[in-house]
Amino acid sequence: MPTISDEEIRKIIMPLMLSGAKMLDKHCPKCGSPLFEKDGRVFCPVCEHRKKQMAGEMKGVEERLMEKLTQLANSMPDDLDELEKHLRVMGLIIDLLERYRSLEGGE
Ligand SMILES: [Zn+2]
């Protein structure tokens, strides 16, 4: 059952109505929000907002991973065993980053 929260109605739909976007008589099949039309474009404001929010959260993860990677790159141990572990972790982080980037590039 598709749902939108009261908060989404208050924060996304209400301001949109006030901004002069036209509320259509159709609903989004994914979340049940009314669809809007603005500048000739029909869209679901709730799904767009959710997508943006998710992209924002992923950006945060990416930034933290980059930070960690830089940290690791700046503190390579001399001991070879330790170095190997270090590099393995760096490899994992790079893999993750690549995966995040391909998720984001999906649009
Ligand atoms: Zn929607």
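The numbers here are math on the coordinates, done by the rules we state, and not lab data. Source: prediction; values computed, not measured. Counting neighbours? That spans all protein chains shown, and the Cβs are built from the backbone with ideal geometry, glycine included.
Listing for the model above:
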quantity	calculated
Whole-angstrom gap from region 74-95 to region 1-43, using each part's C-alpha centre	48 Å
Only Lys, Arg (+1) and Asp, Glu (-1) charged, at Cβ; the chain dipole about Cα centre in debye	780 debye
Isolated Cys residues of the chain, judged by Cβ distance under 4.7 Å to other cysteines	C31
5 angstrom amide H check on C28, placed H, neighbours 5+ away	S33, L35
Angle between the chain longest axis and helix 45-73 axis [Cα atoms, degrees, rounded to 10]	10 degrees
Extended-chain gain in nm, criterion 0.36 nm per residue less alpha-carbon gap, M23 and L83	15.7 nm
Per residue Cα convex hull volume in Å³ - calculated over region 6-47	63 Å³
Binned Cα-Cα distance frequencies in region 57-104 - 5 Å width, integer %	5, 22, 28, 20, 13, 8, 4, 1
Helix-only CD estimate at 222 nm, as mean residue ellipticity for the chain, using -39500 (n - 2.57) per DSSP H run (n ≥ 4)	-19000 deg cm²/dmol
At q = 0.19 Å⁻¹, base-10 log of I(q)/I(0) for the chain (Debye sum, equal scatterers on each alpha carbon)	-0.94
Backbone HN-Hα couplings from phi across region 79-96 [Karplus 6.51/-1.76/1.60, Hz, Gly and Pro as x]	4, 5, 4, 5, 4, 4, 4, 3, 5, 5, 4, 4, x, 4, 5, 5, 4, 4
Simple spin-label estimate for E48 and L97 in nanometres, 7 Å along Cα-Cβ	3.2 nm
Radius, Kirkwood style, for region 36-85 when every pair of distinct Cα atoms is counted (Å)	14.3 Å
Rel. contact order, % - alpha carbon contacts under 8 angstrom, at least six apart, the chain	17 percent
